[in-house]
Amino acid sequence: MYLLIAENDFALATLLQSSFEHENYIVDLAEDAATAKRWVEQRRYDLAILDLDIERDRGTQILRDFRAKKSQLPILAISNSSRPGECAQLLDLGADDSLQKPFSFAELSARVRALVRRATRSTEAVLFLDDLELNRMEHSVKRGGRTIELTPKEFGLLEYLMRNAGQRVTRAQIVQQVWNYPCDTLTNVVDVYVNYLRKKIEGPLDRKLIYTVRGIGYEMHGMADVPVREV
């Protein structure tokens with residue numbers, strides 16, 4: 001799962017980032033409004049956590065901007081305000097949930113899980129390719145019924161390849177979509193992680209699923225003419 005945390009309090013931001021990464025989320029941390037708005041427009045996230053204090057006196061406008069850019073993106077708004085009707089106003093402006101400071105990470109994490117569950121009811125939660133199964137909700141991968149342990153980055157790479165099964169993807173595209181870095185960096189790291197994946201999901205006996213496209217990048221496919229199935 002990919003999270004965007006828009007938070008300008010460095011101590012709180014780094015605490016939230018490390019805590020969510022410990023729960024196997026992949027986290028982008030935006031410390032200013034301009035970065036947050038640019039990433040929301042350019043990248044794919046499963047949920048955004050937006051502190052309305054990230055830009056002085058313009059928090060609600062940022063919320064409107066988020067919603068305008070990504071109509072289906074679950075947004076959890078964090079606010080310092082305790083005035084009556086604040087929660088209702090934020091929901092009307094486009095937030096899917098709101099939380100008032102101070103809060104516990106346990107409550108924030110629970111609210112994030114609830115929003116993600118709600119969102120995945122209307123989108124695919126599980127991807128299948130042949131006998132390979134990736135469950136986004138449970139953050140689990142199985143092949144032929146055998147559980148495969150992946151790191152968060154390996155999981156994100158596999159999800160991207162499965163979503164683009166049957167299509168050639170370049171190393172630059174993978175870096176941009178999985179690592180969220182400019183497309184001209186880290187391309188050599190892609191080869192390393194693809195090799196990690198191959199060892200874990202293919203092994204010496206399982207049929208090959210990830211193919212190298214010489215001079216381009218990679219392509220993932222199973223049996224001919226059998227696309228990824230989503231449920």
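The values are calculated or read from the model by the stated rules, or taken from the named source; none is laboratory data. These numbers were taken from a predicted model, which means no experiment stands behind them. When we count neighbours, we look across all protein chains shown, and the Cβ atoms used for this are built from the backbone with ideal geometry, even at glycine. We work out accessible area using only protein heavy atoms, side chains counted, and drop any ligands, DNA or RNA first. Shrake-Rupley method; radii C 1.70, N 1.55, O 1.52, S 1.80 Å.
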**OP:** Tell me, please, whether a residue that is under 19 Å from the mean Cα position of the chain (by Cα), free of Cβ contacts under 8 Å to residues at least 24 places away in the same chain, crowded, with 19+ Cβ neighbours inside 10 Å and outside any strand (DSSP E or B) can be found in region 7-18.
**Re:** yes
Subject >> Hits in region 19-68 (condition: in a helix (DSSP H, G or I), modelled with pLDDT of 85 or more, open to solvent by 30 Å² or more (accessible area, probe 1.4 Å) and not hydrophobic (A, V, I, L, M, F, W, C)) >> reply: 21, 22, 37, 38, 41, 53, 61, 64, 65, 67
Subject >> Index of the failed condition, residue 105 passing every other in (1) free of Cβ contacts under 8 Å to residues at least 60 places away in the same chain; (2) surrounded by fewer than 17 Cβ atoms within 10 Å (Cβ to Cβ) >> reply: (1)
Subject >> Single match in 204, 227, 152 (criterion: over 30 Å from residue 113 (Cβ atoms), modelled with pLDDT under 90 and open to solvent by 30 Å² or more (accessible area, probe 1.4 Å)) >> reply: 204
